[in-house]
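The values are calculated or read from the model by the stated rules, or taken from the named source; none is laboratory data. From a predicted model like this one, the values you see are computed outputs, not experimental measurements. Ideal geometry is used to build each Cβ from the backbone, glycine not excepted, and the neighbour counts take in all protein chains shown. For accessibility, only protein heavy atoms count, side chains too; no ligands or nucleic acids. Shrake-Rupley method; radii C 1.70, N 1.55, O 1.52, S 1.80 Å.
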Amino acid sequence: NGTVDIIGAGTPFNLCGSGYGKCIDLDGSSMDAGILSTSLNLTAGVQYTASFELAGNQRGGADTGTVSFGGLSFGSQSLAFALNATDVFSTYQLVFTPGASGAYSLSFSNAGGDNIGALLDNVLVSAVPEPETFAMLLAGLGLVGAVARRKSKAA
């Protein structure tokens, strides 16, 4: 039900970052903005962060849209954006903790329909380590230090 376009180096538009590389125009060339999405297998109770960069289309007119992270059954996080054409790339984040293990989605949609949409780049989804992991790491390092100190006193 619409399209997104890959633009950047080697295309008529060098609008991505410093003029090299490629990014996504969220309102493709069919006069009907598409939805760019991916499915992710997530683990229940683990906190995930989706970070991404959005910019205005750099060609005229404002852009609005929505970014969603999660699923219908166990909730989701979303961000509505409104960008002026000249807005430069800025980093955004959505944090989501699934209630059950399974497939969830990360999706980007532009409300356009004029073939020039917001620009998307540098999408990354990562698991956030739980505090217990840090506590175990510190305890392990403390134990190693104590053993090393004990051995040096015995020598």
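Structure notes:
- Between D114, D87, D121, D63, the distinction of being touching a Lys or Arg at 6+ places or on another chain (Cβ under 9 Å) and within 22 Å of I24 (Cα to Cα) belongs to D121 only.
- Restricting attention to the range 62-77, the residues that are among the small types (G, A, S), outside any loop (DSSP other than H, G, I, E, B) and closer than 23 Å to N41 by Cβ total 3.
- Residues of the range 110-129 that turn out to be closer than 18 Å to S51 by Cβ and not in a loop (DSSP other than H, G, I, E, B), as a count: 9
- Consider the range 99-137 and keep the residues that are modelled with pLDDT of 60 or more and farther than 27 Å from S76 by Cβ. The one that is farthest from the chain's Cα centre (by Cα) is D114.
- Of all the residues in the range 87-108, those that are polar (S, T, N, Q) and open to solvent by less than 30 Å² (accessible area, probe 1.4 Å) number 1.
- Selection from the range 78-107 of residues that are touching a Gly at 6+ places or on another chain (Cβ under 6 Å) and part of a strand (DSSP E or B): F81, L83, F96, Y104
- Pair list, Cβ < 7 Å and 6+ apart or interchain, from the range 64-86 residues that are under 15 Å from A100 (Cα atoms) and modelled with pLDDT under 95 to residues that are in a loop (DSSP other than H, G, I, E, B) and hydrophobic (A, V, I, L, M, F, W, C): F74/A100
- Residue pairs meeting the criteria (Cβ under 6 Å; at least 6 apart or on separate chains; first farther than 24 Å from S107 by Cα and at pLDDT below 85, in the range 7-35; second open to solvent by 70 Å² or more (accessible area, probe 1.4 Å) and not in a strand (DSSP E or B)): A9/Y20
- For the range 52-70, filtered to residues that are under 17 Å from A80 (Cβ atoms) and small (G, A, S), the residue that is most open to solvent (accessible area, probe 1.4 Å) is A62.
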